[in-house]
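Working notes, structure below.
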Amino acid sequence: MTQILIAGRHPPYRWSVVKLLHRCDSSMELLEAGSLDQFSMAQLSMAEGLILCGMEYSLANLSEKLLLSGCGVTTFRVLFSERLGENHRHSLADGSVDLILPMAVGWVQARNYLKRLMVDGEPLVGIQALQDPELASRFLPDVEDLTHREQRVLKHLYEGLSNEAIAEQMAIATNTVKVHLANICRKTGASNRTQALCLYDHAQVA
């Protein structure tokens, strides 16, 4: 029987992966825990696969623990993210993450991509997932892709400042503020400043 270990700080993501994998192959033995420390060395050495699942801030910590553990188990790093930006694409390109799924991913899609990653061993499945328009539409844009000045404009916009007040705060021309706003909408896919404000509600902007 194939034994897969699933580690992640957030129970909803672990349980979702467990359910998805059971739908892929009901014969798998799936063990889940909040951290690698909760697995014994015997479990780590005998497992045929390990999934590190979580959000950005938890995944790096799990990967670090895996390196420290020194186990040779095949590792699949699955990231659940509300947003999709250049940092995510770089993580896929350099191999630090194998698959990125939106938090609002459907069961059928998630099961399909997890199977392609873990069972079929498709090397480019993570990149192909981001090229799937149905998956891509479920991500919010990543505000971190904005320049520092664009982020400041968005912050002042959230504070309720007018274009003129933003220009005064940043010591730039009002027309320059309008250019920044246009760039924000273009990069994030927002059609107006109201939609751009919704992005701020879900992100920490410098």
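Coordinate-derived values only; no laboratory data. If you're wondering where the values come from, they're calculated on a predicted model, not measured in any experiment. No Cβ is skipped: glycine too gets one built from the backbone with ideal geometry, and neighbour counts run over all protein chains shown.
Annotations for the structure displayed:
- Lys/Arg +1, Asp/Glu -1 at C-beta; the chain dipole; positive extreme among Asn112, Leu157, Leu99: Leu157
- Debye-sum result for region 142-201 in log10 I(q)/I(0), which assumes one identical scatterer on each alpha carbon, at q = 0.14, 0.20 Å⁻¹: -0.30, -0.64
- Normalised alpha carbon radius of gyration of region 3-140 [divisor 2.2 N^0.38 Å]: 0.97
- Take the Cα of Gln38, step 7 Å toward its Cβ, do the same at Leu130, and the gap between the two points is 3.0 nm.
- Computed [θ] at 222 nm, helices only, for the chain once each DSSP H run of length n ≥ 4 contributes -39500 (n - 2.57): -15000 deg cm²/dmol
- Residue exposure proxy: His148, His10, ordered by other Cβ atoms within 10 angstrom of their Cβ from fewest to most, comes out as His148, His10.
- Rounded Å value of the spacing that divides the Cα centres of region 68-133 and region 28-44: 20 Å
- Nitroxide proxy distance, nm - points 7 Å out along Cα→Cβ at Asn183 and Arg9: 3.3 nm
- Relative to the longest principal axis of the Cα atoms of the chain, the long axis of helix 56-69 lies at roughly 40 degrees.
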